[in-house]
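Asks: The structure follows.
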Amino acid sequence: MSDRPFLVLGLFQDADKLVHGIRALKSTYGDKLEAYTPYPIHGIEKELGIPKSHVGKIVLALGLSGLTLALGFQSWVFTTDYQIQFGGKPYFSWASFVPIVFEVTVLLACIVGAVFGMLVLVNKLPHYSHPILSSRSMPKITRDRFALAVSVDTAEDAARAEAALRQAGAPETEVVHGTDEIGSGPLLPLKPVLATVIICVLAGLGTWHLQRLWNKLPLISIMDEQTKVLPFRANAFYPDGQSMRPLVPGTVSRSAEYAAWTTPEEAGQMLVNPLSADSLTLAKGRRGYETHCLVCHGQLGDGTKLLSDKYTGAPANLHQARLKEAPDGHLFAVVTAGKNTMAGYGKDIPAADRWAIVHYVRVLQRALDASDADVQAAQAVAAAAPVAQGGSH
Amino acid sequence: MSHEAVLAEIRPKPLVVGEVSLGAVDDAVYAPMESKPPMVWWVALAFTSALMLLGFALIGYTFYEGIGVWGNNDPVFWGWDITNFVFWVGIGHAGTLISAVLFLFRQRWRNAIARLAEAMTIFAVMCAAIYPAIHVGRPWFAFWLFPYPNQRGMWINFNSPLAWDVFAVSTYFTVSLFFWYVGLIPDLASARDRATGKVQKAVFGALSLGWRGAARHWTHYEKAYMILAGLATPLVLSVHSIVSFDFATSVIPGWHTTIFPPYFVAGAVFSGFAMVVTVLVFVRKIMRLDHLITLDHMEVMNKVILTTGSIVGYAYGMEFFIAWYGGVPAEHYVFMNRATGPYAWAYWTMVSCNVIFPQLFWFRKIRRSIVAMFIISIFVNIGMWFERFVIIATSLHRDYLPSAWGYFRPTLVDMGIFAGTFGLFFTMILLFSRTLPVIATAELKAVLPGAQPGHGGHHE
């Protein structure tokens, strides 16, 4: 804090004497006069020549921003971003936006406009370093004394101002030293403020980290923990400790098939393909073959697998004479129950689809070994309906 | 009555008793902040904070078990939670009414009681705000009440009165808090300059923002204060109007009435003033402020209670008239059931507390009797709680089909949480009364005789 004289204060005992003092000194000091009082003295601003406050304009601007913001935001949400019908009303139901528009207008006008605008923008507070705050007179001013202050630059100025104030009726005077630069004084609690900011940031980071554990807290399990029965889980309610009940003896699945055969050869003797080889069945069979069989038996059924060489199994070539001669029932049984390393598909593919696949295998067998008559017939069909082949070719 | 007696009756009453100097105001108001609290204060604080902790513990229990521990159930899904919310928000209306509306009407007697009433507003809204937060069941999602961009791609329903409520109550709380703080700044500067301890000096110094009472600052300060009062006036009227929309925009018979907004606002002012009287009766005596908060002040408050109580009584009558005149059988039934059904005891408690007892304030002797006004203010507090309970429980408990009829019974948890909010409220009042000036000294000093320059130095 510098030792330069900054203000000379004359303390008056009541508001009337202060007003007389202002009138006495106004012609000499003009703009350099300021009054410090424990409460607002009405009419003093005219004596000191203080212009009318423009806080009202700030409040108006903020109020209008609040109005625009709230009306615009609600309109945007309900007409553009989030169109939801409420009670059959139009998206832009301005009347029901009014309460929130009003509240936001008042909020911005009051807090940002009147409070922040008046304190910070207009009055330049907080200002902890103003020299008058550490003067002897300050406790008297906030209690019951009325100070008239003259801004001075030099010690001679100060002496002259003190004399003038005494002449105007101030029984007590004080010269205040320093400057009114904001932030230079000892009263700005920089360290505590900084410490608070750091603690807030750390707390924020800590919370952000902890929120991953949030859902795991027993209190906040977001309904993960429930006493209901889930399939394939342990459950203490039943004596056997399982959630699922055993089936009643003799229960039969609605889609169960009854197989009378035990070997493919036997099935070949017993079963007849129930489907006729029409184009729908063949399309179905082709689809089933390409889904389930193709990866091992190959596109053409010749046993060239699409699998990696690490798979050492040798899928059968469906064009070998044994399989060409085998009856449909034989192929059906192999598809159903599997053979060697091949798994059975009885559980995955419905019986009708397996019969369709058998039909399609017959098509492959015949196509790879086609006679001239077959080729001519196929060309005739292709010429009549060029796209009849369809599929992926 | 003689000519002089009439003049004495209508002339403005002095705002303080006897000759009070500017410094003496400070000495009286700041004395509690500068002395050790008496034993009574500690006993009271122990009691209220124990009550508050009980409430918090039961709120914790509610979070753990879910709101099934409350009495709310089909068909009365709004029980004590919303009753207490509306009750506390209503009490919170006196502060801003006193500080804003009476300020605009230049009612200078308000200066002595405004600070305490504003503090009560803030504490009451804190109590009220607990309920919406905890009644949602999963309070850690209470922030879903606010519109913010989220991964769900959803916005809140701006057409819903429940969303308006969130904006109204939070705006009201924020504005009340800052209105209170702005009024406190000059007094905080006084406290800073009086403080002897290092901690007090630092805290009051930081909070007073370096206020130095400059005339240029006062000019802007007064302008801003007037604007705040002007904006807080429609705000205070809007808050309970919007709270009443929670009921009035629904189609429940007994709720769906256009009289609700003004009726709720009058009821809020009524209950708020009653609570202010209840608290002031003690504060002015125990803190030896009865020369600043005078019997005249209390009498004016009782007149406000009489007026708003009569408005509320009119509204009760008008509701019945409209139920009959409107000719809707369901509505007609709800009101007859209210007065004669299973909740008739609650209804008639409400009517006697709110309509009958405040009428005693027509007598000057009763208006000026501390004991009488204390008892009547307690009756009004009880009656206004029952008003909200009656509106909620009686309108809901008999659904459209007799198979869906029920009877609401609160549980011990309901009662404990409600008691806990009283604990919170009075704990805050007790702490406030020893840490901050309970009277706005700068405002009070400004209206003392001779405080303003005038012809001959003194003017009224």
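The values are calculated or read from the model by the stated rules, or taken from the named source; none is laboratory data. The structure presented is a predicted model; accordingly, all values stated were derived computationally and were not measured. As a convention, Cβ positions derive from the backbone with ideal geometry for all residues, glycine included, and neighbour counts pool all protein chains shown.
Asks: Here are the criteria: (1) in contact (Cβ under 8 Å) with a residue 24 or more places away in the chain; (2) over 29 Å from B:GLY90 (Cα atoms); (3) not in a loop (DSSP other than H, G, I, E, B). Tell me which single one B:ALA206 does not satisfy.
Replies: With (1) in contact (Cβ under 8 Å) with a residue 24 or more places away in the chain; (2) over 29 Å from B:GLY90 (Cα atoms); (3) not in a loop (DSSP other than H, G, I, E, B) applied to B:ALA206, the lone miss is (1).
Asks: With respect to B:THR258, is the statement that it is of a type outside the set (A, V, I, L, M, F, W, C), more than 30 Å from B:GLU34 (Cβ to Cβ) and either crowded, with 24+ Cβ neighbours inside 10 Å or within 14 Å of chain A (Cβ to nearest Cβ) (or both) true?
Replies: no
Asks: Within region B:218-233, take every residue that is buried (at least 21 other Cβ atoms within 10 Å of the Cβ) and out of contact with any helix residue (DSSP H, G or I) (no Cβ under 6 Å at 6 or more places or on another chain) and give me the one that is nearest to the other protein chains (Cβ to nearest Cβ).
Replies: Among residues in region B:218-233 that are buried (at least 21 other Cβ atoms within 10 Å of the Cβ) and out of contact with any helix residue (DSSP H, G or I) (no Cβ under 6 Å at 6 or more places or on another chain), the one nearest to the other protein chains (Cβ to nearest Cβ) is B:TRP218.
Asks: Could you say which residue among B:ALA215, B:ALA191 is buried (at least 18 other Cβ atoms within 10 Å of the Cβ), within 11 Å of chain A (Cβ to nearest Cβ) and without any contact (Cβ under 8 Å) to a residue 12 or more places away in the chain?
Replies: B:ALA215
Asks: What number of residues within region A:53-63 satisfy the criterion of being in contact (Cβ under 8 Å) with a residue 12 or more places away in the chain and more than 10 Å from chain B (Cβ to nearest Cβ)?
Replies: Of the residues in region A:53-63, 2 are in contact (Cβ under 8 Å) with a residue 12 or more places away in the chain and more than 10 Å from chain B (Cβ to nearest Cβ).
Asks: Can you find a residue in region B:48-57 that is aliphatic (A, V, I, L, M) and at pLDDT below 95?
Replies: No, the conditions are met nowhere in region B:48-57.
Asks: Something else now. Residue by residue through region B:126-160, note down the ones that are surrounded by 11 or more Cβ atoms within 10 Å (Cβ to Cβ), within 13 Å of chain A (Cβ to nearest Cβ), assigned to a loop (DSSP other than H, G, I, E, B) and free of Cβ contacts under 8 Å to residues at least 60 places away in the same chain.
Replies: Result: B:ARG138, B:PHE146, B:PRO147, B:MET154, B:TRP155, B:ILE156, B:ASN157, B:PHE158, B:ASN159, B:SER160.
Residues are listed down the side, and each one gets a yes or a no for (1) of a type outside the set (D, E, K, R); (2) out of contact with any Asp or Glu (no Cβ under 9 Å at 6 or more places or on another chain); (3) farther than 22 Å from A:THR336 by Cα; (4) without any contact (Cβ under 8 Å) to a residue 40 or more places away in the chain:
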residue: A:VAL248; (1), (2), (3), (4): yes, yes, yes, yes
residue: A:ARG254; (1), (2), (3), (4): no, yes, no, yes
residue: A:ALA260; (1), (2), (3), (4): yes, no, no, yes
residue: A:LEU271; (1), (2), (3), (4): yes, no, no, no
residue: A:THR291; (1), (2), (3), (4): yes, yes, no, yes
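Asks: For a quick check of your reading: which helices (runs of 4 or more DSSP H) sit entirely within region B:248-363 and have at least 2 residues that are more than 20 Å from B:ILE98 (Cβ to Cβ), free of Cβ contacts under 8 Å to residues at least 60 places away in the same chain and aliphatic (A, V, I, L, M)?
Replies: Filter on region B:248-363 gives B:295-326, B:329-340, B:344-351.
Asks: Sticking with this structure for a sec: Taking B:PHE386, is it aromatic (Phe, Trp, Tyr) and not in a helix (DSSP H, G or I)?
Replies: no
Asks: To continue, here is another question. Can we say B:VAL125 is among the aliphatic types (A, V, I, L, M), under 21 Å from B:THR171 (Cα atoms) and in contact with a Lys or Arg (Cβ under 6 Å, 6 or more places away or on another chain)?
Replies: no
Asks: When you look at A:LEU148, is it in contact (Cβ under 8 Å) with a residue 40 or more places away in the chain, assigned to a helix (DSSP H, G or I), in the same structural domain as A:THR37 (by TED's automatic domain parsing) and crowded, with 16+ Cβ neighbours inside 10 Å, yes or no?
Replies: Answer is no for this residue.
Asks: With (1) farther than 23 Å from A:THR142 by Cα; (2) not in a helix (DSSP H, G or I); (3) not small (Gly, Ala, Ser) as the list, and A:LEU9 as the residue in question, which single condition is left unmet?
Replies: Checking A:LEU9 against (1) farther than 23 Å from A:THR142 by Cα; (2) not in a helix (DSSP H, G or I); (3) not small (Gly, Ala, Ser), the one that fails is (1).
Asks: Just checking, which of A:ASP353, A:ASP374, A:ASP348 is closer than 22 Å to A:ALA267 by Cα, surrounded by fewer than 16 Cβ atoms within 10 Å (Cβ to Cβ) and acidic (Asp, Glu)?
Replies: A:ASP348
Asks: When both residues are 6+ apart or on different chains and their Cβ atoms are under 8 Å apart, which pairs have a first residue that lies in region A:71-85 and is without any contact (Cβ under 8 Å) to a residue 12 or more places away in the chain, and a second that is in a helix (DSSP H, G or I)?
Replies: Every condition considered, the pairs that remain are A:ILE84/A:PHE78.
Asks: Determine whether A:SER65 is closer than 24 Å to B:VAL243 by Cα, in the same structural domain as A:LEU121 (by TED's automatic domain parsing) and among the polar types (S, T, N, Q).
Replies: no
Asks: Next question, about the same structure. Which residues, counting only those in region B:25-75, are within 16 Å of B:ILE134 (Cβ to Cβ), assigned to a helix (DSSP H, G or I) and of a type in the set (Phe, Trp, Tyr)?
Replies: The answer is B:PHE56, B:TYR61, B:PHE63, B:TYR64.
Asks: Please indicate, with yes or no, whether at least one residue in region B:143-163 is closer than 25 Å to A:PHE92 by Cα, among the polar types (S, T, N, Q) and in contact with a Gly (Cβ under 8 Å, 6 or more places away or on another chain).
Replies: Checking region B:143-163: at least one residue is closer than 25 Å to A:PHE92 by Cα, among the polar types (S, T, N, Q) and in contact with a Gly (Cβ under 8 Å, 6 or more places away or on another chain).
Asks: Scan region A:170-191 and give yes if some residue there is within 40 Å of the chain's Cα centre (by Cα) and either over 27 Å from B:PHE179 (Cα atoms) or at pLDDT 90 or above (or both), otherwise no.
Replies: yes
Asks: Could you look through region A:10-35, keep only residues that are within 11 Å of chain B (Cβ to nearest Cβ) and among the aliphatic types (A, V, I, L, M), and pick out the one that is surrounded by the most Cβ atoms within 10 Å (Cβ to Cβ)?
Replies: So the residue we want is A:LEU18.
Asks: Check B:PHE179, B:PHE173 and return the single one that is under 26 Å from B:GLU118 (Cβ atoms), in contact (Cβ under 8 Å) with a residue 24 or more places away in the chain and either more than 8 Å from chain A (Cβ to nearest Cβ) or assigned to a loop (DSSP other than H, G, I, E, B) (or both).
Replies: Only one candidate passes the filter, namely B:PHE173.
Asks: Looking only at residues in region A:105-128 that are without any contact (Cβ under 8 Å) to a residue 40 or more places away in the chain and more than 7 Å from chain B (Cβ to nearest Cβ), which one is surrounded by the most Cβ atoms within 10 Å (Cβ to Cβ)?
Replies: So, considering only residues that are without any contact (Cβ under 8 Å) to a residue 40 or more places away in the chain and more than 7 Å from chain B (Cβ to nearest Cβ), the one surrounded by the most Cβ atoms within 10 Å (Cβ to Cβ) is A:PHE116.
Let's see how each residue does on (1) on the phi > 0 side of the Ramachandran plot; (2) at the interface with chain B (Cβ under 7 Å from one of its Cβ atoms); (3) among the small types (Gly, Ala, Ser); (4) touching a residue at least 12 places away in the same chain (Cβ under 8 Å):
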residue: A:THR37; (1), (2), (3), (4): no, yes, no, yes
residue: A:PRO40; (1), (2), (3), (4): no, yes, no, no
residue: A:PRO51; (1), (2), (3), (4): no, no, no, no
residue: A:PHE92; (1), (2), (3), (4): no, no, no, yes
